[in-house]
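Presented below is the structure to which this report refers.
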Amino acid sequence: MSPIAYTCVRLGFSNDGAANINLETWFAKKNRNFARLRTVASIHIVHLHLPLTPAPFTGKCEFCGGRLRWRFLVLTLPASLFLLWTALPYDSSIRLALRFNLNALGSPFTSQRLFVKPPAFPVTISKDAGIILKSGFGTKDRISAWLEWHQERSFVDILVVGDFATQPGQHYNYSGRQLNVHDLLALMLENGSLPPGLSHPRLLKYSNLTAAIATGDTNLALELSKSFGWELDAMKVVIFYRAEHQLVDPFDLFLGLSWPINACHLKKLYILADDDTYIVAPSLEGFLGHFDSNLCYYLGNPVGDYRGRFAHGGSSVILSQATMRRLFGNPEIVSAAHEESLSETWGDKLLATTLIKLGIYLEEGYSRFFNGEPPRSAKLRSDRFCIAIMAFHGLSPLAMLQTGRMFRHAVKPVRWIDLLSIYQALLPDTFTKQSIRQNWDHVGSLDESTKSINVPTAGHCGEACHADSSFCLAWTWELDTQACHMSPWVIVGDNAPGKASGLNTPRVKKLATTC
């Protein structure tokens, strides 16, 4: 079970203690599982003591004093809580815990109805968005495949960034243009983003990698990148702090321009993608057309605990123009982020915690649109059938080629359920209750949300799935172990010798008809 954060508020009065409201006790009475939750949840207890002056009345007016106390409570409690809330820092644990719990409640209509109305803010990804492609020396073989299979989109503005820089004659071709890889770490050291003369283990590792590349020892460089490349990856956050204390659009920075931020032509949107991420452009255009780029937005696939929910970089991360402006307007916070990158494990999380300090939080109501898996492993859940899918992740150069062939000519948003027909998996109109696909797997990777039992045959496994219809969407039975795995999702799947698989046909058909 994932950690759950609850915020309880204990209110007390400094009079004689006659009036005392303990919401922690109230919560425990209303929730039978409270005691169990305390063992797996983070419980934040906030004590608020509101002094009350005893009523200057006696006799009969004692009753009036009690009523006045409650009136005072009703009138002042909302204002007191509001003042407390506004006084809390943006990255306060109380704020973050409350947001986490509210997001956990979910909003079933936010995502589902997004495409019902035409986009209020139409965008063309190729010209309105800046694409920031993150790579590294150890994965540079993916760059050519990424650029080749995004040729059809002809993105006007692409930055390729990493922990190394291409040398003259080593550039990449994209839509008739030459693209270089820009070394973000070198930039941070050159422009004063990090203190001069700073000694740190990560910087030493970067220096060793740079030296191996410079001497042409590719094997050593690849070995070093494989060993600690993930540490350097945490420093590849595309937030720039100029030595002259002037922030500029990252695209202008690499073009050698030096316009101040209030004069430069920021893109409407910035899309951050890994070099093993395939962007489904029509889906992104349809999705982003519902967001005003003049408002602060931070969109992506949420991961992490309540203290720092962040967007998974492999699923693609989207920042609006207003978000970038607010970042650029706070150089002290950006500068602190650069120093924090020396110790942070995940660059994606560093971006999130930096934005949180500015009051910009990940919009979790749209998580259903984002995917962190390859097409055949993307988990089609009941709340995702009819909505668009933004990207695919975890693609090798060969898989990028195969995915590009499938989606390069797409002109309309690609829905999750479309994956079944695109990859010629079982189609909704051909499902039968008895359908069993031999040597296949529609469940995929198992986790804490799947169920596993032992049954003698694949048929029994299918029956168990149908018996648990409100939960199970797909099942897979293993011949060797006779293990039956049931999942609340279905994947396109692939060849899986020794396995048999099927779907909860009635439920899948019903969900498909709602699209």
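The values are calculated or read from the model by the stated rules, or taken from the named source; none is laboratory data. Keep in mind that this is a model prediction, so the values were computed, not measured. Neighbour counts are summed over all protein chains in view; Cβ atoms, including those assigned to glycine, are modelled from backbone coordinates with ideal geometry.
Numbers below:
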quantity: Selected residue (criterion: surrounded by the fewest Cβ atoms within 10 Å (Cβ to Cβ)) from residues of the stretch 336-354 that are farther than 15 Å from GLY313 by Cα and in contact with a Ser or Thr (Cβ under 7 Å, 6 or more places away or on another chain); calculated: HIS338
quantity: Residue count for the stretch 488-506, restricted to those that are in a strand (DSSP E or B), closer than 17 Å to SER382 by Cα and among the aliphatic types (A, V, I, L, M); calculated: 2
quantity: Any chance ILE279 is under 17 Å from VAL237 (Cα atoms) and of a type in the set (A, V, I, L, M, F, W, C); calculated: no
quantity: Search result, residues across the stretch 464-515 that are more than 17 Å from TRP440 (Cα to Cα) and polar (S, T, N, Q); calculated: SER469, SER470, THR513, THR514
quantity: Of the criteria (1) at pLDDT 90 or above; (2) surrounded by 13 or more Cβ atoms within 10 Å (Cβ to Cβ), which one ALA214 fails; calculated: (2)
quantity: The stretch 303-342, subset out of contact with any Cys (no Cβ under 8 Å at 6 or more places or on another chain), among the β-branched types (Val, Ile, Thr) and within 20 Å of LEU96 (Cβ to Cβ), residue modelled with the highest pLDDT; calculated: VAL317
quantity: TYR297, sole failed condition from (1) assigned by TED's automatic domain parsing to the domain that holds LEU266; (2) touching a strand residue (DSSP E or B) at 6+ places or on another chain (Cβ under 9 Å); calculated: (1)
quantity: Complete set of residues in the stretch 285-309 that are outside any loop (DSSP other than H, G, I, E, B) and surrounded by fewer than 24 Cβ atoms within 10 Å (Cβ to Cβ); calculated: GLU285, GLY286, TYR298, PRO302, VAL303
quantity: Among (1) of a type in the set (Phe, Trp, Tyr); (2) surrounded by fewer than 22 Cβ atoms within 10 Å (Cβ to Cβ); (3) out of contact with any Gly (no Cβ under 6 Å at 6 or more places or on another chain) - the single one TRP416 does not satisfy; calculated: (2)
quantity: Which numbered condition LEU203 fails, given (1) under 26 Å from the mean Cα position of the chain (by Cα); (2) in contact (Cβ under 8 Å) with a residue 60 or more places away in the chain; (3) within 14 Å of MET235 (Cα to Cα); calculated: (1)
quantity: Every residue from the stretch 393-410 that is within 15 Å of GLN151 (Cβ to Cβ), buried (at least 19 other Cβ atoms within 10 Å of the Cβ) and touching a Lys or Arg at 6+ places or on another chain (Cβ under 9 Å); calculated: MET400
quantity: Whichever residue in the stretch 126-148 is in contact with a Lys or Arg (Cβ under 7 Å, 6 or more places away or on another chain) and surrounded by 21 or more Cβ atoms within 10 Å (Cβ to Cβ) and, among such residues, is farthest from PHE291 (Cα to Cα); calculated: GLY138
quantity: Qualifying positions in the stretch 122-151 - of a type in the set (Val, Ile, Thr) and part of a strand (DSSP E or B); calculated: ILE131, ILE132
quantity: Criterion: farther than 30 Å from PRO282 by Cα and either in the same structural domain as LEU266 (by TED's automatic domain parsing) or touching a helix residue (DSSP H, G or I) at 6+ places or on another chain (Cβ under 6 Å) (or both) - qualifying residue of LEU159, LEU179, LEU209; calculated: LEU209
quantity: THR124 vs. criteria under 27 Å from CYS386 (Cβ atoms), modelled with pLDDT of 85 or more and of a type in the set (S, T, N, Q); calculated: yes
quantity: Matching residues in the stretch 448-472 - criterion: being among the polar types (S, T, N, Q) and over 20 Å from ARG381 (Cα atoms); calculated: ASN454, THR457
quantity: Lone unmet requirement of (1) under 25 Å from THR514 (Cβ atoms); (2) at pLDDT 95 or above for SER445; calculated: (1)
quantity: LEU395 being in contact (Cβ under 8 Å) with a residue 40 or more places away in the chain, over 19 Å from ARG95 (Cα atoms) and either touching a helix residue (DSSP H, G or I) at 6+ places or on another chain (Cβ under 7 Å) or not assigned by TED's automatic domain parsing to the domain that holds MET188 (or both); calculated: yes
